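Following: one structure in structure tokens, then a few remarks.
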Amino acid sequence: MHDDGRYDDPRLTGAAGRPPGDPVSRETSYQEWAVNDPRDASPHPAGPTPRPDTSSTGAVRPVSSAPANVPPVRDPHDPSDGPVNAPTPRPLAARANAAVPARFEPQSPVSAVPHQTGAAAVETTTPPADTPPVAGYADEATADPYVSRETPTREEDDPPLAMEAMRAVQILNPSGEVSMPRPDRTRVMCVANQKGGVGKTTTTVNLAVALALHGNRVLVVDLDPQGNASTGLNVPHHTGVPDVYDCLIDSVPLAEVAQAVEGIPNLWCVPATIDLAGAEIELVSVVARESRLSRAIEAYPGHFDYVFIDCPPSLGLLTVNALVAAQEVLIPIQCEYYALEGLNQLINNINLVRQHLNPKLEVSTILLTMYDRRTRLADAVEQDVRNHFGDKVLQAVIPRNVRVSEAPSYGQSVMTYDPGSRGATSYFEAAQEIAERGVKEPVSRNA
């Protein structure tokens, strides 16, 4: 079969075993084509569409009849007439939806079927006057030859890789031009939850890095004997390194223990070693054991915009020291039932500390972590938390993201490990929301 506008049918040549029939063509139903022989100057009388008659020898017997609605063929030797068998001219508006203009050639004397090249079958019937033009096409006089139906518009979203690159530049802020609002006073925030594995350390590290990358001076105090916050910030915390234990037990100034985080400007960390595991017992006999950390932070000579205290998963003396030293409590809540079960006990302990030790303490921020949108349980937990705590719950929700879990193995936060990931974007939005709330809600200065 040749792709020249018609199909070769053995019925045209009288093949054995097939009765004589009509030629098969893709253009036989086109009404505006003339069916006359271009070499014949006189039109044929009106009649049915010519049908070639084949015989045993394969010859085609011409039929001298034409449809009644076919216009007469003009004289090919008359220059005043148009091309032979040319279609009736139509205005441009009628051809607005034609993708490719059709080219017409004279008919073949054998098949009596017009030959067409280019697009196979182009619909050229005149649409109604009230029919709107097809989207993506315009008038031929003003249409852009490079515009197609598949060409995206400027209003459409950029490709995923481009969007990820834009988010990475926004989070890393290499130029330093973009900055988050800085509070008028130091905000000391305690990240606490007695339930383990809810994202306390991950939240502390990523929020601190996000704020530091955008112009805030941040100090991270690792109060967990496991030292995971020190690992996430790539700060040495092996045995023999001065740590927060020395500040609590031996009253070492905090400035001598704090270490600058490599690669992150305006970020410092007070590491924790395994020695901190014995501080719970040693603090029992120390005078003013609940306020040891608070005095150490107040004695720091420099000024910080934010001080994040990463608490251990317990309600012992270390957590009490953090609650006394802080002014705000940030509670990360995993979107599961066990995280909600221990929340009441944590709130009760916070109320006891407020009544007896730190009247300025308040629960200011609730952050939902490990949110899995595929489960109904996550949505139910979110609704319960928002109904109970109201505006204290951040609008940003931290989803389950493998990049967040991979980052500590490289000694980085997810903000620097994969800044274009969903986890980094969510923590960046949470940090921005915390910074904006700090401007609206003044807190006491701690210098």
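The values are calculated or read from the model by the stated rules, or taken from the named source; none is laboratory data. Since the structure is predicted, the reported quantities are computational estimates derived from the model, not experimental observations. Here Cβ is always computed from backbone atoms with ideal geometry, including for glycine, and neighbour counts include all displayed protein chains. Just the protein is used for accessible areas: all its heavy atoms, side chains included, with ligands, DNA and RNA removed. Shrake-Rupley method; radii C 1.70, N 1.55, O 1.52, S 1.80 Å.
Observations on the structure shown:
- Given (1) among the β-branched types (Val, Ile, Thr); (2) in contact (Cβ under 8 Å) with a residue 24 or more places away in the chain; (3) assigned to a helix (DSSP H, G or I); (4) over 22 Å from MET163 (Cα atoms), index of the condition VAL363 fails: (3)
- Within the range 164-186, residues that are farther than 15 Å from ALA435 by Cα sit with their Cβ atoms under 6 Å from residues that are assigned to a helix (DSSP H, G or I), at 6+ positions apart or across chains, in these pairs: ARG167/THR425.
- Qualifying residue in the range 343-356 (condition: in a loop (DSSP other than H, G, I, E, B) and either modelled with pLDDT under 90 or not hydrophobic (A, V, I, L, M, F, W, C) (or both)): no
- Here the range 207-217 is the region considered, the condition is being buried (at least 24 other Cβ atoms within 10 Å of the Cβ) and touching a strand residue (DSSP E or B) at 6+ places or on another chain (Cβ under 8 Å), and the residue that is farthest from ALA435 (Cα to Cα) is VAL209.
- When residues of the range 390-438 are limited to those that are more than 19 Å from GLU164 (Cβ to Cβ) and part of a loop (DSSP other than H, G, I, E, B), the one least open to solvent (accessible area, probe 1.4 Å): LEU394
- Count - residues of the range 188-206 that are open to solvent by less than 10 Å² (accessible area, probe 1.4 Å) and more than 15 Å from PRO408 (Cβ to Cβ): 7
- ASP310 over 21 Å from PRO183 (Cβ atoms), among the charged types (D, E, K, R) and in contact with a Ser or Thr (Cβ under 8 Å, 6 or more places away or on another chain): no
- In the range 273-288, the residue that is farthest from ASP224 (Cα to Cα) out of those that are aliphatic (A, V, I, L, M) and touching a Phe, Trp or Tyr at 6+ places or on another chain (Cβ under 6 Å) is ALA279.
- The range 156-202, residues that are part of a loop (DSSP other than H, G, I, E, B), modelled with pLDDT under 80 and of a type in the set (Asp, Glu): GLU156, ASP157, ASP158, GLU177
- Residue check, ASN358 more than 25 Å from THR202 (Cβ to Cβ), of a type outside the set (A, V, I, L, M, F, W, C) and open to solvent by 10 Å² or more (accessible area, probe 1.4 Å): yes
Residue by residue, here is whether (1) on the phi > 0 side of the Ramachandran plot; (2) charged (D, E, K, R); (3) touching an Asp or Glu at 6+ places or on another chain (Cβ under 9 Å); (4) not in a loop (DSSP other than H, G, I, E, B) holds:
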{"residue": "PRO242", "(1), (2), (3), (4)": "no, no, yes, no"}
{"residue": "LEU248", "(1), (2), (3), (4)": "no, no, yes, yes"}
{"residue": "SER251", "(1), (2), (3), (4)": "yes, no, no, no"}
{"residue": "GLU262", "(1), (2), (3), (4)": "no, yes, no, no"}
{"residue": "TRP268", "(1), (2), (3), (4)": "no, no, no, yes"}
{"residue": "ALA277", "(1), (2), (3), (4)": "no, no, no, yes"}
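- Selection within the range 228-245 - within 12 Å of TYR410 (Cα to Cα) and either surrounded by fewer than 24 Cβ atoms within 10 Å (Cβ to Cβ) or at pLDDT below 90 (or both): THR231, ASN234
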